[in-house]
Amino acid sequence: MAKKILVLEGDGVGKEVIKSAIKILEFIQKKLKLKIELEYDYIGGECIDRFGVAIKEETIKKAKKYGIVLLGAVGGYKWEKSKVKPEEGLLKLRKEMGVYANIRPIHSFFNRNIDIVFVRELTGGIYFGKPRKRWIKNNRTFVIDTLKYSDKEIERVVRVAFEIARNRKKFLVSVDKANVLESSRLWREIVNKISEEYKDVKVEHHLVDSFAMNLILKPEYFDVVVTENLFGDILTDEAAVLVGSLGLLPSASLAFKKEKVIGLYEPIHGSAPDIAGKNIANPIGAILSVALMFKYSLKRDDIYELIYQAVQKTLEKGYKTFDLDKNNYLQTDKFTDKIIENMNVN
Ligand code: IPM
Ligand code: MN
């Protein structure tokens with residue numbers, strides 16, 4: 001039976017980079033005679049324009065049913081003042097799919113010895129805690145956001161990080177703010193508890209402020225890093241600039257259910273409305289997200305390698321995208337064709 005994949009291009013450059021990613025996917029599919037079926041749907045701003053919501057219930061149902069989603073990006077200037085926000089669609093999709101472990105590999109293609117895998121908690125913490133509201137009292141405006149975690153939510157993502165660390169350099173850094181936050185204190189306790197099961201993995205706890213500094217000073221030092229939702233959001237953007245551009249980076253958001261892996265695959269960059277529609281977006285983050293999809297959801301490490309090698313080779317030959325070199329670059333579609341040319345598939 002054919003594997004079904006739900007494709008949500010979203011807004012802005014999301015559409016362009018997903019077209020590139022699908023071109024790669026279809027090329028591989030044809031060459032290797034894979035049975036994959038794509039189904040397209042809407043998310044984000046365009047979905048709001050068409051249907052009044054940032055994601056439809058039926059789309060969420062399909063995402064859960066197929067268990068594999070490839071997503072571009074959401075948002076744009078047009079919806080800044082809109083009551084329903086494009087981002088709500090993405091957050092709802094993540095929550096409903098239950099994809100709690102967000103894997104963000106930060107790998108340098110340009111001779112820097114940087115190769116970090118971030119594991120970001122994705123369905124809890126301050127992004128989702130209640131209450132979240134705004135109110136006025138005695139002429140003052142008050143707001144509240146809630147940072148809430150359960151032990152179970154922390155345990156399951158920390159376990160994913162230990163597993164990844166075990167299969168790499170056996171070195172895990174956990175980032176928190178345990179000198180201030182109660183949630184971080186529990187986080188630390190749980191990391192220590194689970195480390196008993198992974199005695200082969202060395203663990204270090206870093207406070208988020210000093211980690212942010214050390215990430216810039218000595219990125220080579222880190223291998224696998226696990227952290228909560230908001231810290232992970234900020235730190236992975238920071239890490240991205242170390243390797244050249246946000247446009248290079250993919251992500252996999254996963255849930256492990258018995259034997260099954262549920263996956264939402266998306267580049268970590270946004271919809272970049274300033275460059276949307278110009279055919280200059282970097283498609284690598286989206287293309288490598290397809291690579292991660294093959295690795296985690298389709299259990300095809302060989303195809304994951306194939307895609308990574310092709311990207312590596314294309315960059316090594318000196319081809320660049322606009323974000324990497326404004327004076328000497330290929331447009332999105334041409335660059336995608338170069339990756340295909342450099343793919344060693346028979
Ligand atoms: C990301 C994005 C999202 C997040 C936004 C668009 C809601 O910044 O995937 O990192 O904050 O998680
Ligand atoms: Mn982000």
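We did not get these values from a lab; they are worked out from the coordinates using the rules stated. All figures in this text were calculated on a predicted structure; none of them were measured in a lab. Note: ideal-geometry Cβ built from the backbone for every residue, glycine included; neighbour counts use all protein chains shown.
Details
- Amide H contacts of Glu204 (H built 1.01 Å from N, in plane; Pro and chain starts excluded): Leu172, Val173, Ser174 sit under 5 Å, all sequence-distant by 5 or more or on other chains.
- Descending Cα extents along the principal axes, region 111-243, whole Å: 56, 34, 23
- Site pair Arg132 and Arg166 shows an inter-label distance of 3.4 nm when each label is modelled 7 Å from Cα along Cα→Cβ.
- From least to most packed, judged by other beta carbons within 10 angstrom and beginning with the fewest, Met213, Met97 follow the order Met213, Met97.
- Using only the C-alpha atoms, the convex hull of the chain corresponds to 154 Å³ per residue.
- Remark: region 235-240, residue by residue, has Karplus-estimated 3J(HN,Hα) of 5, 6, 5, 4, 4, 4 Hz, where x stands for each Gly or Pro and the curve is 6.51 cos²θ - 1.76 cosθ + 1.60 at θ = phi - 60°.
- Cα radius of gyration and Dmax for region 118-195 (Å): 16.0, 57
- For Ser195, Ser297, order by how many other beta-carbon atoms lie within 10 Å, fewest first: Ser195, Ser297
- Only Cα pairs under 8 Å and 6+ residues apart enter the sum, and on that basis the relative contact order of region 111-243 stands at 36 percent.
- Length available on full extension from Thr141 to Glu196: 0.36 nm per residue minus the Cα-Cα distance, which gives 15.1 nm.
- A simple rule links phi to the HN-Hα coupling: the Karplus curve 6.51 cos²θ - 1.76 cosθ + 1.60 with θ = phi - 60°, which for region 103-118 gives 8, 10, x, 10, 10, 8, 8, 10, 6, 9, 7, 10, 8, 10, 10, 8 Hz, with x for Gly and Pro.
- Cα centroid separation, region 231-252 to region 280-308 (Å): 16
- Binned Cα-Cα distances of region 14-122, short to long, each 5 Å bin given as a whole percent: 2, 10, 16, 17, 19, 17, 11, 5, 2, 0
- From most to least packed by mean Cβ count within 10 Å, the peptides 132-144, 46-58 give 46-58, 132-144.
- Length released on extending from Leu186 to Ile234, taking residue separation times 0.36 nm less the Cα-Cα span: 15.2 nm
- Residues whose amide H comes within less than 5 Å of that of Gly129, counting only those at least five positions distant or on another chain, are Thr146, Lys148 (H built at 1.01 Å from N in the peptide plane).
- 3J(HN,Hα) along region 4-13: 9, 10, 8, 10, 10, 5, x, 10, x, 5 Hz, from the Karplus curve 6.51 cos²θ - 1.76 cosθ + 1.60 with θ = phi - 60°, whole Hz, x for Gly and Pro.
- The mean sequence distance of close C-alpha pairs (under 8 Å, at least 6 residues apart), as a share of the length of the chain, puts its relative contact order at 20 percent.
- Between Tyr77 and Asp325, the FRET efficiency from the beta-carbon distance, with R0 = 45 Å, is close to 0.95.
- Amide H contacts under 5 Å for Lys4, placed H, 5+ residues apart: Glu37
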